[in-house]
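Single-structure report; data block below.
The values are calculated or read from the model by the stated rules, or taken from the named source; none is laboratory data. All values derive from a computational prediction rather than experimental measurement. Please note: Cβ atoms are built from the backbone with ideal geometry, for glycine as well, and neighbour counts cover all protein chains shown.
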Amino acid sequence: MTYLMWALRLLRFPFYAGWEIIRTSFEVMRDILTPGSSTNPAFVEVPVRCRTDLEFTLLANLISLTPGTVTVAVRQEPAALWVHGLYVEDRESFRQDIRTMEDRVLAVTRPTGSPESAPGEGGRH
């Protein structure tokens with residue numbers, strides 16, 4: 001049964017990624033087309049639970065493909081990404097958004113077992 005659920009998650013992942021790209025494209029487009037700017041750019045260190053190069057690559061690329069965010073650096077020990085975001089009102093909620101993306105990536109790359117907590121979670125912010 002576990003592999004069936006994994007296969008379903010694998011099939012749903014492109015739709016999730018596409019929706020995130022479309023949703024954030026409209027957010028950036030709205031900011032461009034309206035007077036003034038609602039940007040609040042920031043660099044944020046995000047602890048991650050990725051272990052393999054594939055997991056790091058998928059997550060970093062998904063972040064960079066999403067308009068308004070770009071992965072700037074990847075560190076494997078302790079596992080973390082440095083992400084630049086255009087709309088960072090609150091660093092913790094921004095980390096949570098990246099965490100949601102990571103959950104989806106790990107659900108696709110790990111057919112069995114649940115991801116453990118992120119290294120350094122609750123530590124540096």
Per the list (1) within 16 Å of Val108 (Cα to Cα); (2) modelled with pLDDT of 95 or more, residue check on Thr52 breaks on (2)
Quick check on my filter: what residues within the range 69-103 are outside any helix (DSSP H, G or I), of a type outside the set (A, V, I, L, M) and touching a His at 6+ places or on another chain (Cβ under 9 Å)? Thr69, Thr71
For the range 12-45, how many residues meet the condition of being part of a helix (DSSP H, G or I) and exposed (fewer than 10 other Cβ atoms within 10 Å of the Cβ)? 3
Single condition Arg49 does not satisfy, out of (1) touching a helix residue (DSSP H, G or I) at 6+ places or on another chain (Cβ under 6 Å); (2) among the charged types (D, E, K, R); (3) in contact (Cβ under 8 Å) with a residue 60 or more places away in the chain: (1)
Going residue by residue through the range 69-83, is there one that turns out to be in contact with an Asp or Glu (Cβ under 6 Å, 6 or more places away or on another chain) and surrounded by fewer than 16 Cβ atoms within 10 Å (Cβ to Cβ)? yes
Being surrounded by 17 or more Cβ atoms within 10 Å (Cβ to Cβ) and closer than 21 Å to Asp103 by Cβ: is that true of Val48 here? yes
